[in-house]
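Peer 1: Below is a structure I'd like to ask you about.
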Amino acid sequence: MTFHTIIIVGNVGREPEMRYTPAGQPVTSFSVASNRSYTNQQGEKVDETIWFRVSAFGKLAETCNQFLHKGSRVLVEGRLVPDKNGSPRIWTRQDGTAGASYEVTATTVRFLSARGEGGAEAGGDLTIPDVGDMGEDIPF
């Protein structure tokens with residue numbers, strides 16, 4: 001059995017959207033931008049942003065939909081979901097450059113924004129594990 005996990009810290013890029021599966025299970029989708037700044041070998045500052053599309057299920061979906069807002073600082077723990085070729089989703093931007101985004105199924109979400117900061121309504125450190133609702137065997 002293979003197991004992987006990814007931890008992302010970033011800002012919610014758009015308002016979360018909640019919908020329901022045909023079986024009635026809530027699913028909330030939102031995007032997270034994770035930024036990194038560094039200085040390259042030429043001494044120039046480089047800003048890098050990676051976008052993740054996050055899906056949360058069950059009670060976690062309901063809580064994310066209620067408390068997350070565009071601009072909220074968030075930590076997401078989950079698993080990568082590849083496209084049918086096992087890769088991130090690749091596309092061409094309007095300016096002709098290549099773009100990629102990554103799909104993540106959340107198992108834990110921590111709201112890092114303080115109340116009223118970045119549009120967040122939740123308090124600082126709320127964690128909601130939700131692996132049981134996904135019907136998967138967890139190795140621990």
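Peer 1: Looking at region 53-111, which of its residues are over 13 Å from VAL27 (Cα atoms), assigned to a strand (DSSP E or B) and touching a helix residue (DSSP H, G or I) at 6+ places or on another chain (Cβ under 7 Å)?
Peer 2: Correct list: ARG73, VAL109, PHE111.
Peer 1: Can I ask one more? Quick one: in region 37-62, of everything that is touching a Gly at 6+ places or on another chain (Cβ under 9 Å) and not aromatic (Phe, Trp, Tyr), which residue is surrounded by the most Cβ atoms within 10 Å (Cβ to Cβ)?
Peer 2: ALA56
Peer 1: When residues of region 32-53 are filtered for being in contact with a strand residue (DSSP E or B) (Cβ under 6 Å, 6 or more places away or on another chain) and without any contact (Cβ under 8 Å) to a residue 24 or more places away in the chain, how many remain?
Peer 2: Residues flagged as in contact with a strand residue (DSSP E or B) (Cβ under 6 Å, 6 or more places away or on another chain) and without any contact (Cβ under 8 Å) to a residue 24 or more places away in the chain within region 32-53 amount to 11.
Peer 1: Right, here's the next one. Give region 63-90 a look and list any residue that's of a type in the set (Ser, Thr, Tyr) and surrounded by 15 or more Cβ atoms within 10 Å (Cβ to Cβ), or say none.
Peer 2: THR63, SER72
Peer 1: Then there's this: Is at least one residue of region 118-134 assigned to a helix (DSSP H, G or I), of a type outside the set (Gly, Ala, Ser), modelled with pLDDT under 80 and over 22 Å from VAL9 (Cβ atoms)?
Peer 2: Yes, that holds for at least one residue.
Peer 1: In region 29-36, is there at least one residue being within 19 Å of VAL81 (Cα to Cα), crowded, with 17+ Cβ neighbours inside 10 Å and among the β-branched types (Val, Ile, Thr)?
Peer 2: yes
The values are calculated or read from the model by the stated rules, or taken from the named source; none is laboratory data. Everything quoted here is computed from the prediction, not taken from an experiment. Every residue, glycine among them, receives a Cβ derived from its backbone with ideal geometry; neighbour counts consider all protein chains shown.
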